[in-house]
Amino acid sequence: MATIEETTNTKKRSLNFIEQQVEKDLSEGKNGGRIQTRFPPEPNGYLHIGHAKAIAIDFGIAERYNGSCNLRFDDTNPIKEDTEYIESIEHDIKWLGFKWANIFYASDYFQELWDFAVWLIRQGRAYVDEQSAEVIAQQKGTTTSPGTNSPFRDRPIEENLRLFEFMNSGKAQPGTLVLRAKIDMAHPNMLFRDPLIYRVLNMPHIRTGNKWNAYPMYDFTHGQSDYLEGVTHSLCTLEFVEHRPLYDLFVTWMKEYKGETENIEDNRPRQTEFNKLNLSYTLMSKRNLLALVKEGLVAGWDDPLMPTICGFRRRGYSPESIINFIDKIGYTTYDALNEMALLESAVRDDLNGRAIRVSAVLDPVKVVITNYPEGQTEQLTAVNNPENEADGTHAIEFGREIWIERDDFMKVAEKKFMRLAPGKEVRLKNAYIIKCDETHPCDEDADGNVTTIYCTYDPETRSGLPGANRKIKGKTLHWVSCHDAVKAEVRLYERLWKVENPRDALAAIMNEQNCDNVTGMKQIINPDCLTVLSDCYVEPYAAQMQAGDYLQFQRIGYFMADPDSTPDHPVFNKTVGLRDTWAKNNK
């Protein structure tokens, strides 16, 4: 194992508070100098970018300190869980670049948890309660007043054991019986007021079938699973701060059950909490994301509008850009709302070094180069990525007729307009300088829309020739050849939500209108979140690209081919523009 000093020196940066705690535990010899973490998602939905932050710290700590990280599925609620979600979670973690040491499930420990609960009953530390959830909640008291004991709190041990077995028989009705830990109904921490540790569901489980009808609660399962796996550091988000004392108590009881009463504090999992990832214009509640999918408000979990990891992947985000963003915002002990623009900046920074440059025209208008020989074409060379010479080059075709962007031409131009206009010159990327005809610059249809632009070219100014250095005032325009251009569909994405903090806005709407979350979400969805352009043109090289290939449409932004693409109908998703225009457009 590397020493702390060696490990620290591998990265010249300040340690976050979690790393500082880990190094302190290592220096004190806690858990025998081992580091073991875990990522414990519930398989009830697809992972979102908030989970990426947890993944990065869980796996990152293990990697940094030569430890191990397990993937453990918290499958204690069979009502919501599905193998589809398990498979997607595994895929997303691999895509982000992490590897788990083992895969475990909370259900692996169902028998041991059951036996532990029986031991608690025999110890007089747990009892079966027959009251309704509403009555139990009322008896809990408040933060300023103690709770009241259940009338079943002092049931005889044998009766509790019999009723606990009945809870798992399949004959008990859900909601009629629960097993509670007997702690302290006057405890200042409300979670200590005889918490529920088992409930009846009578539901088959995706892994254990019909063996169990009573299932353990999260607080009773989580710490015990950590302990049984040998986890040394349990890293959680801030909402679990109040749960930590209960986590520690249950682990202590489990160690007593196992007869491991020596060095309890030196050999136990330690829970540390960090802030969630909150993004502007983003809603990350699994409940709400599931509702978006089920109601057809998005095209699925991997819709590029979704904040899911698979949605970002389909949109064209790279795993490196997501991890770099998480490193930038860091880990703290207070919640904050991070700007979506910061994530998009991290994406641009990363894709700039890996995206292949191609030409695409999204709003095309034809240019005819009148002095270029009819029927002639020539092969020019385009650099794939100026940031990486190893990416090489590809050939592009040039001919008499080309497509350019409609807004790159003005029939009557302002003085500062530096693109194509009557009498003005521009350079075509990787090609020639062209000049728009002054006497007959364009043709128009009956509505005044430009249909064709007429230009001449200077044959001495092709890229690579001495004349290419001729200075002009006009800008460099991108283009595609009409002869071999491929028609494509391009999907332009903006924010799914029209409010900066959709979580709080949704809560306010539901409270004020007494409506459900779907009704509330429909009121704050951005109507302009998706624009589909069906008459775009791309160069053939771009049309060959597959989902997973990072592209830059020159002068426009970063794009990726969608899985819907076919050779006859390429489809591209806009990842992010070359610069941040959202803030400017929404001032």
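Take the residues in the range 114-138 that are assigned to a helix (DSSP H, G or I), of a type outside the set (Val, Ile, Thr) and open to solvent by 30 Å² or more (accessible area, probe 1.4 Å); name whichever of them is farthest from Ala186 (Cα to Cα).
Ranking the candidates gives Asp115 first.
From Arg287, Arg314, which residue is crowded, with 20+ Cβ neighbours inside 10 Å and part of a helix (DSSP H, G or I)?
Arg314
Please count how many residues of the range 250-269 are in contact with a helix residue (DSSP H, G or I) (Cβ under 9 Å, 6 or more places away or on another chain) and open to solvent by less than 40 Å² (accessible area, probe 1.4 Å).
Residues flagged as in contact with a helix residue (DSSP H, G or I) (Cβ under 9 Å, 6 or more places away or on another chain) and open to solvent by less than 40 Å² (accessible area, probe 1.4 Å) within the range 250-269 amount to 8.
Of all residues in the range 511-532, how many are open to solvent by less than 50 Å² (accessible area, probe 1.4 Å) and over 13 Å from Leu283 (Cβ atoms)?
Matching residues across the range 511-532 total 1.
Restricting attention to the range 140-152, report how many residues are surrounded by 18 or more Cβ atoms within 10 Å (Cβ to Cβ) and among the polar types (S, T, N, Q).
Summing the residues that are surrounded by 18 or more Cβ atoms within 10 Å (Cβ to Cβ) and among the polar types (S, T, N, Q) in the range 140-152 gives 1.
Any chance you could count how many residues in the range 166-178 are open to solvent by 50 Å² or more (accessible area, probe 1.4 Å), within 15 Å of Ile136 (Cβ to Cβ) and either of a type in the set (S, T, N, Q) or assigned to a strand (DSSP E or B) (or both)?
1
Only one residue in Leu238, Leu246 is of a type outside the set (Asp, Glu), modelled with pLDDT of 95 or more, touching a strand residue (DSSP E or B) at 6+ places or on another chain (Cβ under 6 Å) and open to solvent by less than 50 Å² (accessible area, probe 1.4 Å). Which one?
Leu238
Scan the range 48-75 for residues that are over 19 Å from the mean Cα position of the chain (by Cα) and either more than 22 Å from Thr221 (Cα to Cα) or open to solvent by 10 Å² or more (accessible area, probe 1.4 Å) (or both) and jot them down.
Correct list: Ile61, Ala62, Glu63, Arg64, Tyr65, Asn66, Gly67, Ser68, Asp74.
Taking Val347, is it of a type in the set (A, V, I, L, M) and either open to solvent by less than 10 Å² (accessible area, probe 1.4 Å) or assigned to a loop (DSSP other than H, G, I, E, B) (or both)? Quick ask: steps written out before the conclusion?
Numbers: of a type in the set (A, V, I, L, M): yes; either open to solvent by less than 10 Å² (accessible area, probe 1.4 Å) or assigned to a loop (DSSP other than H, G, I, E, B) (or both): yes.
When the stated conditions are applied, Val347 passes them.
Val383: touching a Leu at 6+ places or on another chain (Cβ under 6 Å) and either touching a residue at least 40 places away in the same chain (Cβ under 8 Å) or surrounded by 14 or more Cβ atoms within 10 Å (Cβ to Cβ) (or both), yes or no?
Answer is no for this residue.
Tell me which residues, restricted to the range 179-203, are among the β-branched types (Val, Ile, Thr) and not in a loop (DSSP other than H, G, I, E, B).
So in the range 179-203, the residues among the β-branched types (Val, Ile, Thr) come out as 183, 197, 200.
Ile197, Val200, listed by residue number.
Name the residues in the range 350-380 that are assigned to a loop (DSSP other than H, G, I, E, B) and either open to solvent by 20 Å² or more (accessible area, probe 1.4 Å) or in contact with an Asp or Glu (Cβ under 7 Å, 6 or more places away or on another chain) (or both), would you? Steps first, answer last, please.
Taking the range 350-380 and keeping what is assigned to a loop (DSSP other than H, G, I, E, B), we get 353-355, 359, 362-363, 370-376.
Answer for the range 350-380, where residues must be assigned to a loop (DSSP other than H, G, I, E, B) and either open to solvent by 20 Å² or more (accessible area, probe 1.4 Å) or in contact with an Asp or Glu (Cβ under 7 Å, 6 or more places away or on another chain) (or both): Gly353, Arg354, Ser359, Leu362, Asp363, Thr370, Asn371, Pro373, Glu374, Gly375, Gln376.
Within the range 80-87, can one find any residue that is under 30 Å from Met167 (Cβ atoms), modelled with pLDDT of 95 or more and among the aliphatic types (A, V, I, L, M)?
yes
Checking the conditions here, which among Arg199, Arg207 is under 17 Å from Pro78 (Cβ atoms), basic (Lys, Arg), touching a Ser or Thr at 6+ places or on another chain (Cβ under 6 Å) and open to solvent by 30 Å² or more (accessible area, probe 1.4 Å)? Show your work before the answer.
Working: Arg199 fails: touching a Ser or Thr at 6+ places or on another chain (Cβ under 6 Å).
One residue alone meets the criteria, Arg207.
List the helices (runs of 4 or more DSSP H) inside the range 494-587, counting only whole elements, that have at least 3 residues being in contact (Cβ under 8 Å) with a residue 40 or more places away in the chain and more than 24 Å from the chain's Cα centre (by Cα).
On the way: elements: 502-513, 517-524, 540-543, 582-585.
Fully inside the range 494-587 and qualifying: 540-543.
Filter the range 317-344 down to residues that are open to solvent by less than 20 Å² (accessible area, probe 1.4 Å), assigned to a helix (DSSP H, G or I) and in contact with a strand residue (DSSP E or B) (Cβ under 7 Å, 6 or more places away or on another chain) and give me whichever is nearest to Asn16 (Cα to Cα).
Out of the qualifying residues, it is Leu343.
Of everything in the range 102-113 that's within 22 Å of Leu47 (Cα to Cα) and among the hydroxyl-bearing types (Ser, Thr, Tyr), which residue is most open to solvent (accessible area, probe 1.4 Å)?
Top of the filtered list is Tyr105.
Only one of Lys94, Lys99 is at pLDDT 95 or above, part of a loop (DSSP other than H, G, I, E, B) and either loosely packed, with under 15 Cβ neighbours inside 10 Å or among the acidic types (Asp, Glu) (or both); which? Walk me through how you get there before you give the answer.
Values: Lys94 fails: part of a loop (DSSP other than H, G, I, E, B).
Just a single option satisfies the conditions, and that option is Lys99.
Regarding the range 417-432, can at least one residue be identified that is open to solvent by less than 20 Å² (accessible area, probe 1.4 Å), assigned to a loop (DSSP other than H, G, I, E, B) and in contact with a helix residue (DSSP H, G or I) (Cβ under 6 Å, 6 or more places away or on another chain)?
The answer is yes, given that some residue of the range 417-432 is open to solvent by less than 20 Å² (accessible area, probe 1.4 Å), assigned to a loop (DSSP other than H, G, I, E, B) and in contact with a helix residue (DSSP H, G or I) (Cβ under 6 Å, 6 or more places away or on another chain).
Return yes when Ala468 is surrounded by fewer than 15 Cβ atoms within 10 Å (Cβ to Cβ) and over 22 Å from the mean Cα position of the chain (by Cα) and no when it is not.
No.
The values are calculated or read from the model by the stated rules, or taken from the named source; none is laboratory data. The model shown is predicted, which means the values in this text are computed figures rather than measured ones. Backbone-built Cβ (ideal geometry, glycine too); neighbour counts: all protein chains shown. For the accessible areas, the whole protein counts, side chains as well, though only heavy atoms, and no ligand, DNA or RNA atoms are used. Shrake-Rupley method; radii C 1.70, N 1.55, O 1.52, S 1.80 Å.
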